[in-house]
Amino acid sequence: MEGWATEKVGVAVVGVGFVGGSAHTPSFKKIPGSELVALCARTERRVKQLSEKYGVKYYLDYEELLEDPGVDAVVLAVPTPSHFDYAMKAIRKGKHVLCEMPLAPTVEESAEMAEAARKAGVVLMPVLNFRFTPAYVKAKEMIGSGAIGAPIAVHYREFIPVMSLAEQWPAGSWAWDVEKSGGYPDFTLAVWSLDMLPWMLGSEIEKAEWMSNYRKFEEYGGILGYNTMGVLKFSNGIVGSVHLSASVNKSASTTRLEVYGDNANVLHVVWNNKIVLYGPGESPQEFDVQVSGTRVWGHRQIDEHFVGCVLGKEEPQVTAEDAIKAIRAAKKIVK
Ligand SMILES: NC(=O)c1ccc[n+]([C@@H]2O[C@H](COP(=O)([O-])OP(=O)(O)OC[C@H]3O[C@@H](n4cnc5c(N)ncnc54)[C@H](O)[C@@H]3O)[C@@H](O)[C@H]2O)c1
């Protein structure tokens with residue numbers, strides 16, 4: 001392949017909802033080495049306006065999109081129930097696939113997708129964007145350089161406002177179809193942290209046990225606000241807990257990672273913009289890791305990395321096998 005300036009990956013974003021429309025579409029418009037050539041959705045509702053905004057064509061028929069010779073790669077940001085079918089169709093056409101998570105509702109289908117991509121010689125990359133989130137990248141670097149000695153315990157909590165969940169995935173939408181989506185939103189949303197934690201700690205999840213309490217919120221269309229808690233054991237002995245919640249007000253919404261070290265130091269990642277190191281001194285040290293736009297949660301960075309991998313300039317840092325491990329651990333939530 002030639003250099004970035006002459007060789008471009010033609011990308012189509014399929015599904016322009018929450019993540020496709022707001023994260024991947026603006027990202028791919030700016031990535032060197034790629035050209036956003038098309039968008040695709042089922043109805044004109046959002047895609048028409050986005051295609052005008054970004055100056056690209058749009059398709060309402062995915063099969064037609066796959067016939068477009070300008071499309072080298074698809075970004076599958078459609079609801080999870082369509083991932084398997086859409087990915088397999090793209091792979092059969094020799095297109096590279098950046099697929100939203102969970103890759104598929106089951107471990108078996110995810111493995112089949114991985115095998116098909118391997119045989120076809122195309123890149124199948126899961127959007128495990130937490131590995132590219134600046135706050136987590138910095139925390140991993142600090143842990144790697146000995147800031148807390150060796151990690152011995154971890155807490156992770158992710159509190160999503162119940163009203164925001166109801167807005168994004170209203171009752172009756174695909175995200176609540178356990179059969180087709182693999183589980184409730186607690187399953188869907190667990191996969192990013194269940195991939196991030198082993199990556200952060202350099203150790204695999206050996207054991208995961210979960211308990212959930214679902215509360216029906218009639219005032220938000222009857223969605224099930226969840227409190228799902230997991231206890232984890234990692235292969236190197238680290239113990240951990242995960243609390244996934246979607247039953248709180250916006251004022252209580254947060255994400256927090258706490259890692260405890262064997263030198264008594266503790267590192268917190270607060271939301272996506274602050275790291276606090278609790279060392280031996282009187283006051284903790286704070287680090288500002290604020291970035292802006294679609295880089296905040298790592299979408300732009302993983303999109304860039306995908307392009308680098310398709311161009312053969314980079315080795316995948318995140319693979320379908322990583323996705324499968326996270327899905328396997330999250331599946332235990334689903335009773
Ligand atoms: N990486 C992340 O940060 C992140 C965040 C949220 C969701 N997700 C994942 O992204 C995927 C999509 O979630 P979302 O919340 O953006 O969904 P959404 O419901 O907001 O949007 C889905 C989009 O896909 C389109 N669509 C639906 N069915 C289609 C079909 N058969 N063909 C073509 N287009 C179709 C819809 O028109 C819409 O544009 C899910 O797998 C979800 O788990 C990832």
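The values are calculated or read from the model by the stated rules, or taken from the named source; none is laboratory data. All figures in this text were calculated on a predicted structure; none of them were measured in a lab. FYI the Cβ positions are ideal-geometry reconstructions off the backbone, even for glycines, and counts take in every protein chain you see. Surface accessibility is based on the protein's heavy atoms, side chains included, excluding ligands, DNA and RNA. Shrake-Rupley method; radii C 1.70, N 1.55, O 1.52, S 1.80 Å.
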- Note on the structure: Residue set VAL123, VAL162; condition in contact with a Phe, Trp or Tyr (Cβ under 8 Å, 6 or more places away or on another chain), under 25 Å from HIS243 (Cα atoms) and more than 13 Å from the ligand (Cβ to nearest atom); output residue VAL162
- Expected output for segment 132-159 (first residue at positive phi, partner not in a loop (DSSP other than H, G, I, E, B), Cβ below 7 Å, 6+ apart or cross-chain) is GLY149/GLY261
- Message: Can you find, within segment 216-230, the residue that is farthest from LYS325 (Cα to Cα) among those that are in a strand (DSSP E or B) and open to solvent by 70 Å² or more (accessible area, probe 1.4 Å)?
- Response: LYS216
- Message: Whether any residue in segment 269-281 is of a type in the set (Lys, Arg) and within 30 Å of GLY183 (Cβ to Cβ) is what I want to check.
- Response: no
- Item | The one condition in (1) within 10 Å of the ligand (Cβ to nearest atom); (2) under 17 Å from the mean Cα position of the chain (by Cα); (3) over 21 Å from VAL248 (Cβ atoms) that TRP174 fails to fulfil | (2)
- Do any strands (runs of 3 or more DSSP E) entirely within segment 231-335 hold 1 or more residues that are open to solvent by less than 60 Å² (accessible area, probe 1.4 Å) and among the aliphatic types (A, V, I, L, M), and if so, which? 239-248, 254-261, 266-270, 274-278
- Item | Every pair of residues 6+ apart whose Cβ atoms lie under 6 Å, when the first sits in segment 312-335 and is of a type outside the set (Phe, Trp, Tyr) while the second is modelled with pLDDT under 95 | GLY312/MET1
- Task: Only helices (runs of 4 or more DSSP H) wholly contained in segment 102-211 count here; list those with 3 or more residues that are outside the structural domain of VAL259 (by TED's automatic domain parsing).
- Result: 107-120
- Message: I need the full set of residues from segment 67-90 which are touching a strand residue (DSSP E or B) at 6+ places or on another chain (Cβ under 8 Å) and either assigned to a helix (DSSP H, G or I) or open to solvent by 10 Å² or more (accessible area, probe 1.4 Å) (or both), in order please.
- Response: ASP68, GLY70, ASP72, ALA77, VAL78, SER82, HIS83, TYR86, ALA87, ALA90
- Query: Which one is farthest from the ligand (Cβ to nearest atom) among residues in segment 91-101 that are farther than 23 Å from ALA329 by Cα and in a strand (DSSP E or B)?
  - Reply: HIS96
- among the hydroxyl-bearing types (Ser, Thr, Tyr) and away from the ligand (no atom under 12 Å from the Cβ): does that describe THR228? yes
- Task: Would you mind telling me which numbered condition in (1) part of a loop (DSSP other than H, G, I, E, B); (2) within 14 Å of the ligand (Cβ to nearest atom); (3) of a type in the set (Lys, Arg) LYS30 fails?
- Result: (2)
- Query: Does at least one position in segment 310-330 carry a residue that is touching a His at 6+ places or on another chain (Cβ under 9 Å) and of a type in the set (Ser, Thr, Tyr)?
  - Reply: no
- Name the one entry in ASP61, ASP68 that is of a type in the set (Asp, Glu), over 22 Å from the mean Cα position of the chain (by Cα) and closer than 24 Å to GLY312 by Cα. ASP68
